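Novice: One structure, pasted below without further comment.
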Amino acid sequence: MPSILVVDDDPPQREIVGVILEGEGYRVETAGGGRAALKAYRRDSFDVVLTDLKMPDLAGDALLDALIREDPAACVIMMTAHGTIASAVEAMKKGAFDYLTKPIDRDALLMTVRRAADRVSLVRENRRLKEELEDRFRIENLVGSSGRMDEVRQMIRRLAPTPSTVLITGESGTGKEIVARAVHFASPRRGGPFRVINCAAIPETLLESELFGYERGAFTGAAAAHPGLFEAAQGGTVLLDEIGEMPLPMQAKILRVLQEKEVRRVGGNTPLTVDVRILAATNRDLERDMRTGRFRADLYYRLCGLVIPLPPLRERSTDVPELAEHFLARHNRENPDRRILGITPAAMERLVQFPWPGNVRQLQSAIERAVVLSSGDWIDIKDLPAEIRERPISIGQVDFEIPDEGFSFEGFEREIIFKALRKSDGVVARAARLLGMSYRTLQYRLEKFAIKKEP
């Protein structure tokens, strides 16, 4: 239960309030004056402080100032007589949660303390989630130990502290939004909001009002003024995801925001100053789009100065085991009743060998699917999606020396086909997959070498 500090220089009043709260299960401590209360709070930060307004050694409003100065999240309820209600209201303007009038009504006391305790719990949960989010998107927590990912982390460290616009490029699924969040949380704006808008997902007719907001009566249904994304992100960061899909007329307006730091709501005439950092992301070749007239040259040159290019997963395959284990560990944290011990070496080899056209997002989906389908404690080849499970594994360069006297290539090929058939129990389709060829191609070779399907 929440802890409550009751502060009053009147012992009977202090005792009555304490008994009522203890009867509801709260942990209660009392103090006979403001200085004693301050000392107790420094020793044990209480969830809620109930303090009398008028006290001889340190008045309630002075205690409030001291508590908020030391702990801005301090939750203080003022207790006051009818004649000093105005002072209690003034205390609320300074940061008090609420006030109660004496004589204290039991129901009003319990209701106010309950609301205060709920708010404290909510504030702490929000703080915990924010810290967890910041920790999750710390630069050091970007998964991957390859040289390519080291380069990405180095770029983030160099660009995050600046106010400059950054363009993040890469194929779909490479983690552009995650990198954008890492830039935000490593920047001086980390305490501000982070807002994302997908330029490809919103119709052109709605995109302007989403970004810039609108005034009342700007269009049918606009019953009240509404701030846009840039206003909502004041003091923080905006990510324009898939900016390459943005219509040309909107590109001109985004350029104005970048240059003037101003927006104008739909239906409005007054420019509004915005303090936001803009990040952009795309999977398109913006330079090519600029040459073909699909993307504005002035906006392109405004964006292309600082670029973080993200490599596709096939170009950093050494990171696949680390990423796969990361996604598996996340599943185990979120589903403690269905824990998977790990991924078998054979299954991991398949994951490393796969080219991942959908990049990290596809790998995450494959692990989630394998976890659901796995009937044991380990993810094995049979649990992987068919396109991964059935893809032939490249064995790289074969260490084979051709004899000086030469050898029969057809005999060598015939022996390889025999081995594949034996391994697949004579099933031609399976043998074809082992050899990395189509069923029809293997069938042709079987006829060529007069090999029976069941050796």
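The values are calculated or read from the model by the stated rules, or taken from the named source; none is laboratory data. Quick caveat: nothing in here was measured; it's all calculated off a predicted structure. Here the Cβ positions follow ideal geometry from the backbone for every residue, glycine too, while neighbour counts run over all protein chains shown.
Novice: I168 is checked against (1) part of a loop (DSSP other than H, G, I, E, B); (2) aliphatic (A, V, I, L, M); (3) crowded, with 16+ Cβ neighbours inside 10 Å and fails just one. What number does that condition carry?
Specialist: Every condition holds for I168 apart from (1).
Novice: Moving on to the next point. Could you list, in sequence order, the residues of region 210-269 that are closer than 18 Å to L167 by Cα and in a strand (DSSP E or B)?
Specialist: Of everything in region 210-269, those that are closer than 18 Å to L167 by Cα and in a strand (DSSP E or B) turn out to be T237, V238, L239, L240, D241.
Novice: Going through V179, V120 one at a time, which residue ends up being in a helix (DSSP H, G or I), among the aliphatic types (A, V, I, L, M) and within 30 Å of I4 (Cβ to Cβ)?
Specialist: Working: V179 fails: within 30 Å of I4 (Cβ to Cβ).
Checking each option against the conditions leaves just V120.
Novice: Hey, which of the strands (runs of 3 or more DSSP E) in region 1-104, taking only ones fully inside, have at least 2 residues that are in contact with a Gly (Cβ under 6 Å, 6 or more places away or on another chain), of a type in the set (V, I, T) and at pLDDT 90 or above?
Specialist: Once the strands (runs of 3 or more DSSP E) in region 1-104 are filtered for at least 2 residues that are in contact with a Gly (Cβ under 6 Å, 6 or more places away or on another chain), of a type in the set (V, I, T) and at pLDDT 90 or above, what remains is 27-31.
Novice: Pairs needed: first member in region 85-100, assigned by TED's automatic domain parsing to the domain that holds G60; second member anywhere, among the aliphatic types (A, V, I, L, M) and surrounded by fewer than 19 Cβ atoms within 10 Å (Cβ to Cβ); C-beta distance under 8 Å; at least 6 residues apart or different chains.
Specialist: From residues that are assigned by TED's automatic domain parsing to the domain that holds G60, the pairs are K94/I68; G95/I68; D98/M92; Y99/I85; Y99/V89; Y99/M92; L100/A108.
Novice: Identify, please: which residue in region 1-24 is touching a residue at least 60 places away in the same chain (Cβ under 8 Å) and under 16 Å from L100 (Cα atoms) and is, among those, surrounded by the most Cβ atoms within 10 Å (Cβ to Cβ)?
Specialist: D8
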